[in-house]
Amino acid sequence: MSSAQKPMRYGHTEGHTDVCFDDTGSCIVTCGSDGDVRIWENLDDDDPKSINVGEKAYSCSLKNGRLITAVSNNTVQIHTFPEGAPDGILTRFTMNANHVIFNSDGTKVAAGSSDFMVKIVEVTDSSKQKTFRGHEAPVLSLSFDPRDVYLASASCDGSVRVWKITDQTCTTSWPLLQKCNDVINAKSICRLGWQPGSGKLLAIPVDKAVKLYRRETWDSKFDLSDTFITQPLNVVTWSPCGQYLAAGSVDGSLVVWNVETQECIERMKHEKNYSICGLAWHPKYRQIAYTDTEGNLGLLENIGGGKKPNDKAASTVTKDYNDLFDGEDDDFLNGDMIEPQSSPKAGASEDGADDDVLMPTSGHLRRAVIDDDDNSLDIGMIKANSNLYEKEDDDYDDDQTGGFPALPPSSTQQPFYDGPMPTPKQKPFQSGSTPAHLTHRFMVWNSVGIIRCYNDEQDNAIDIEFHDTSVHHATHLPNSLNHTMADLSTEAILLACESTDELASKLHCIHFSSWDANKEWTVDMPKDEDVEAICLGQGWAACATSALLVRVFTVGGVQKEIFSLPGPVVSMAGHGEQSMIIYHRGTGFDGDQCLGVQLMELGKKKRQILHGEPLSLTKKSYLVWIGFSAEGTPCYVDSEGVVRMLNRGLGNTWIPVCNTREHCKGKSDHYWVIGIHENPQQLRCIPCKGARFPPTLPRPAVAILSFKLPYCQITTEKGQMEEQYWRSVVFHNHVDYLSKNGYEFDENAKSQSVKEQQELLMKLFALSCKLEREFRCVELADLMTQTVVNLAIKYASRSRKLNLAQRLSEMAVEKASELAAAQEDEEEEEDFRKHLNAGYSNSATEWSRPPVRNVQQDQDMEDAESSDAYEEAEEIPEVHKQRSNPFSKGVASAEVTTPKSAVIASSSQGRVNPFKVSSNKKDPVVPSGNVLDTMSRYSKKTSMSGSRAVNKQNPPVIKPLIPKPKSKQASAASFFQTRIPNSSEKKGEEREEKAGNESPEVKVTAQENTENRRPKTGFQTWLEENRANILIDNPDLNEAEIIKEGMNRFRVMSAEERMVWTEKAKGGTANDLAEDKKRKRPTADEEETKKDQEQKSEDSSLSKKSKPLDQSANVRLSAFAFKQS
């Protein structure tokens, strides 16, 4: 297996950065020009411990729990490790020290300074100092001989010297380097190194090669170089076994040689070519940590590619999963921040701390072995690692630094398990919180507000801040119970703490929206039961406990349902009546978590929607956030940054809607999600540089990311529109859910979304037409609403694709009949309503009266948009232009739900007779499948055709090519009734059509017993009887022209004749007096005629003009009574 170069981490501000490992290799320590020393559990540690040691730190070294740093106030300081407590000043210079090092046993420290001096100080007694004078310029670097006899130093004066420690004399000096006046101007910082163990060789980086000098004789043994190195080398370091030598250059090249064979075994290039200024070899594994002059930290793993399988253990998933999630070790970090990928740490079995625990590790590379005693080895282990002995056996000392890890003792030999290793389970967490071990942390950040917790020497308190202060003012609470969990809603604050030896685990609620004086309540959990996760909904609170129970309470403190969870809880969230709980369904393997999700509704009707289905997570990731969008759709985010949302439109499946990693600049940057909005589409989150979560101070800024579904080829126009279409569909599923469950929702948003979706389908349709993909066109049309299909038919026939248009018109008919069939279930109820209403039409009943607001809104909207729609039809050939959106809500909703009339309506524009009453005609015929039959603009658009005659606006969009069958014209009357998206009316329309099939008597009764009908005018009555004559005279007139001709003829009649027709028309209505009063119609003949003409010009346009608003829906629907074959 070849080496692995991990992505670099941002560690310090730009400037010289130094790095070392601690004695066991369990953490990496870096220092930089920001004056901080950081302790990294591993490269993926998002919350490294930080110790401030001064204004600038130039160098650090670590041994035996002591941390030595060279800082900008010209001192060498000592701190305890890992606590970071200051432990005094070791020595001072007149200028800053550039390099500090320990000797091999950690008893002495050497430091070289810019004041040309080198000092060696004893750690236990800093008064015992030795000073080495002789360099004539600042000292660059030092190296202790492993046997403590010599000290080597390099300086800006161009020389490398070897000093004898005991008598402080210079043994030898080589003029190897280029002279300069200061460290900043040095071409190389020349970090040199003695070979560990024997100290036989001293390695010195000189220009583009490493020179090796023999001990005692001080002659040059050989040089190590490589063509990969093009710039001067800056730093060298030996592997702990002394067999390999690594060097880093000023242009970011990193090379490793096998010193014995002088062959180069590893070459690596820094991802940004920054100068490498720090190198440290892991004490146990083939791993090198390196730092650059920009403050970044990197890790090169498995050096030498698989020669030493044991040392690969560093990149095992389980190692840090172990610290990450499970163990008794409280000082390890919390589960929600470490990416389980790699670590420089040894596994627990190396520490000797958990000797009796078998350490699971990835694959077969490292196996847990049980052997008889500390010194014997299992034979299987020896075979598995036999290739170790080929090269390395002779060089290793007995202390196992590079060989086998210490093996756990056991009394019996057991067989190996060689299969996939289980993943430790993720610990429970609260969404929107930062890890509990921090002194200042977020307990929750959500769409309502922020709860912060401060737990330091002075104070243990909780601050609550609301985004909208009208909900509640900011609050400060003492935290004497040490609450670790919190949730916040517009009604209450919920807090919980774990149990201690004396106190039970408590759930504490501050119900600030309560109208009485007692706003707080507390519940103690039973003995040995700890609250692990909490959430708030509307009117309820819930907690999940360590006893695998979920306890539900009202927001006022009444205990409600209790139910068991199938596994330990991971997190829970609430919104309105919905509660979502994520728990462990079982054990995952090879780095994957195995989680399940329950989604419940805790309202009046309690039901479970998701029954513990498996939760989809990205491979080797874990859960980091769960919650609901502002509109109430469940969502969650995993550690790889993938945001998934419940798709209610596809059987409650989960769909990935965003990958926050795509927005991150650096590999170690993350976005911390705090909320999701579906309308407008926004993912609200906080960008975190080099970490998984934000600090409490300074206050983090919220960023807004856009959503993107992972569709294929979204760089192409087709892919882009498909992604937009399906995203619009997914993000508007909540509207149906809300309306179904009786919540308020935004009508405009719904109509806007339908409009947007249909427009995208039409664009895709046009694109497919252009590409001659007719089959695909039909597939797209299947997703369209009735009216847009009509538009597509027009587009197809205009593009000369008559076969396609034919198929589409067949589809339109088919679609209508399918929808009609789907609605038959609801018909009995509607029948009952109609009969109930038949004789009592004087006042509209509650259920049949349409909501006034809707009628007005819809009609305003339709009038406003009909002109857009007309332009759309004209523009469609150049469908990709930006333009106004033609797909308005009124059409979509009305058309989908009343398909029968829609099909009938799609006869060519002005052909139908708007004044025929269907009840006194023969059965209308369902439109034939003829291409052009269905080719009308959709109903609203046709409102132009009549007004065109008056306003001379635009030429007709498409001329009908064949005369309409006469019978079909009768059906048009159904289309001029005002249609509104009122469910009872929509169902009623279907009802009435059916009623027409069954009983003419009922139909007539319905008509005669209604006062709320628009009375037929004299002109209508006249036109019905004289239409045939007009057509005989002018057989090629279309509908609009017939009406126009009729008007002219009616106008020339005398006033008396017109009055006769008017009376005749009135005679057909039962309560004409009531009608007259109610309608306030003018009775003068001239006015009547004038009104007829206006009405005719409007009605012929199929427009839906306002009618008196108190009409009974059923009465209006009686016009729809006709048979449909």
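Remark: the range 682-691, residue by residue, has Karplus-estimated 3J(HN,Hα) of 9, 10, 8, 7, 10, x, 10, 7, x, 8 Hz, where x stands for each Gly or Pro and the curve is 6.51 cos²θ - 1.76 cosθ + 1.60 at θ = phi - 60°.
Shown are 755, 718, whose ranking by accessible area with a 1.4 Å probe and every protein chain present, most to least, is 718, 755. Subtracting the Cα-Cα distance of residue 207 and residue 222 from 0.36 nm times their residue separation leaves 3.9 nm of extension gain. Taking 0.36 nm per residue of sequence separation and removing the Cα-Cα distance, the residue 519/residue 262 pair yields an extension gain of 84.8 nm. Amide H contacts of residue 222: 212, each under 5 Å away and 5 or more positions distant or on a separate chain (H built 1.01 Å from N in the peptide plane; Pro and chain starts excluded).
The GluC sites (Glu not before Pro) of the range 448-500 meeting both criteria, a DSSP state outside H, G, I, E and B (loop) and at most 10 other C-beta atoms within 10 angstrom of the site's C-beta, are 457. Using the Cβ-Cβ distance between residue 587 and residue 554 with R0 = 25 Å, the FRET efficiency computed as 1/(1 + (r/R0)^6) comes to roughly 0.10. Exceedance of the 24 Å cut-off in Cα-Cα distance is limited, within the set 187/284; 519/560; 755/794; 56/164, to 187/284; 56/164. Note on the range 140-253: dipole from Cβ charges, positive end direction compared against 252, 186, 210; the farthest Cα belongs to 210. For the range 139-192, the relative contact order is 34 percent, taking Cα pairs closer than 8 Å that sit 6 or more residues apart in sequence and dividing their mean separation by the residue count. Using Cβ point charges alone (K and R +1, D and E -1), the dipole size of the range 119-231 about the Cα centre works out to roughly 80 debye. For residue 609, the residues whose modelled amide H falls within less than 5 Å of its own, excluding neighbours fewer than 5 places apart on the same chain, are 599, 600, 601. Measuring r between the beta carbons of residue 652 and residue 459 and using R0 = 41 Å, the FRET efficiency lands at 0.35.
Distance between the 7 Å Cα→Cβ label points at residue 740 and residue 94: 8.5 nm.
With an a/c value of 1.5 or above and a/b not larger than b/c for the gyration tensor axes a ≥ b ≥ c computed over the alpha-carbon atoms, the range 669-797 is described as oblate.
Per residue, the accessible area of the range 23-103 comes to 34 Å², computed with a 1.4 Å probe over protein heavy atoms only. For residue 675, the residues 5 or more places off, or on other chains, whose built amide H falls under 5 Å of its own are 684.
Per residue, the range 635-679 exposes 36 Å² of accessible surface when a 1.4 Å probe is rolled over the protein heavy atoms with every protein chain present. Here the calculated FRET efficiency for residue 473 and residue 704, from their Cβ-Cβ distance with R0 = 30 Å, stands at 0.65, rounded to the nearest 0.05. The stretch between residue 184 and residue 604 holds 143.8 nm of extra length on full extension. This uses 0.36 nm per residue minus the Cα-Cα distance. In this rough spin-label picture, where each label sits 7 Å from Cα along the Cβ direction, the residue 802-residue 490 distance is 6.0 nm.
A Cβ-based charge dipole, computed about the Cα centre of the range 562-664 with Lys and Arg at +1 and Asp and Glu at -1, lands at about 320 debye.
For the range 243-291, averaging the sequence separation of C-alpha pairs within contact (under 8 Å, six or more residues apart) and dividing by the residue count gives a relative contact order of 30 percent. For the range 182-278, with all protein chains in place and a probe radius of 1.4 Å, 45% of the accessible heavy-atom surface sits on carbon or sulfur.
Remark: relative contact order (the range 1-43) = 32 percent; criterion is Cα-Cα distance under 8 angstrom and separation of 6 or more residues. Ordered from highest to lowest accessible area with the whole protein assembly present and a 1.4 Å probe, 122, 1063 read as 1063, 122. Run the paramagnetic zone check for residue 500: 7 angstrom along Cα to Cβ, then residues of the range 462-493 with backbone nitrogen under 20 Å. Output list for this probe position: 462-463, 477-486.
The label point for residue 810 and the one for residue 1059, both projected 7 Å from the Cα toward the Cβ, are 6.0 nm apart. Per-peptide packing, taken as the mean over residues of other Cβ atoms within 10 Å, places 107-113, 742-748 in the sequence 107-113, 742-748 from highest down.
The values are calculated or read from the model by the stated rules, or taken from the named source; none is laboratory data. This structure is a prediction, so every number in the text was calculated from the model and none was measured. Note that each Cβ is placed from the backbone with ideal geometry, even for glycine, and that neighbours are counted across all protein chains shown. Just so you know, the surface numbers come from the protein's heavy atoms only, side chains and all, with ligands and any DNA or RNA stripped out. Shrake-Rupley method; radii C 1.70, N 1.55, O 1.52, S 1.80 Å.
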